[in-house]
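Have a look at the structure below before the remarks.
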Amino acid sequence: MGETIQLQFKIIKLTVIILVILSMISFFFLDDSITWIYGYVFGGLIGILNFMLLAKTIEKAMKMPPARAQVYVSTNYFIRFSIMIIVLFVSLKADYINTLATVIGLLLIKFVILVTNLFDDKEYYKRIFMRKEEK
């Protein structure tokens, strides 16, 4: 369980760093920067919340019998999906939140997970780029 907490913290930390960088870029380069920043923060925080809910769901489901775990996981998936729909609806209705920035914030944690796992194994890439003569 300690390993998952460390992994969650690492992913959340990288996501927050990228959110800060995106906010600074939009602050310096966009005219309507405050709506973009609100969108990044709103979407990013909800994306992090959904990630934490997913982690808690998986940890609890691992301790349940399979039939009960399936119902529990499906119910929590619907809850997380509903949260994302509500966030997007609020973002569309609110003039002070940029919807595209909200979508980027919501999806950012997924990209962080993908990229950190994609570039995690350096030996794999060394084997790919190693020439046949070097073997």
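The values are calculated or read from the model by the stated rules, or taken from the named source; none is laboratory data. The shown structure was predicted, so the numbers you read here are calculated from the model rather than taken from an experiment. Virtual Cβ from ideal backbone geometry, glycine too; neighbours counted across all protein chains shown.
The condition of being over 23 Å from Q8 (Cβ atoms), touching a residue at least 12 places away in the same chain (Cβ under 8 Å) and hydrophobic (A, V, I, L, M, F, W, C) holds for only one of L108, L88, that being L88. Report whether or not V90 is in a helix (DSSP H, G or I), of a type outside the set (F, W, Y) and out of contact with any Gly (no Cβ under 8 Å at 6 or more places or on another chain). Yes, satisfied.
You will find that of S91, S82, the residue that is of a type outside the set (A, V, I, L, M, F, W, C), out of contact with any His (no Cβ under 7 Å at 6 or more places or on another chain) and over 19 Å from S23 (Cβ atoms) is S82 and no other.
Exactly one residue out of I113, I104 is surrounded by fewer than 19 Cβ atoms within 10 Å (Cβ to Cβ) and either part of a helix (DSSP H, G or I) or among the aliphatic types (A, V, I, L, M) (or both): that is I113. A residue that is within 30 Å of Y38 (Cα to Cα) and either in contact with a Lys or Arg (Cβ under 7 Å, 6 or more places away or on another chain) or surrounded by 13 or more Cβ atoms within 10 Å (Cβ to Cβ) (or both) occurs somewhere in the range 65-77. Of the residues making up the range 46-67, those that are farther than 18 Å from T4 by Cα, part of a helix (DSSP H, G or I) and at pLDDT below 95 number 2.
Screening T15, T75, T35 for residues that are in a helix (DSSP H, G or I) and either acidic (D, E) or under 21 Å from N117 (Cα atoms) (or both) leaves exactly one candidate, T15. Regarding the range 93-109, can at least one residue be identified that is more than 18 Å from Q6 (Cα to Cα) and among the aromatic types (F, W, Y)? Yes, the range 93-109 has at least one match. Scanning the range 33-49 for residues being surrounded by fewer than 20 Cβ atoms within 10 Å (Cβ to Cβ) and under 16 Å from I85 (Cα atoms) gives a total of 2. Every condition in (1) at pLDDT below 90; (2) under 22 Å from K13 (Cβ atoms); (3) among the aliphatic types (A, V, I, L, M) holds for I128 except the one numbered (2).
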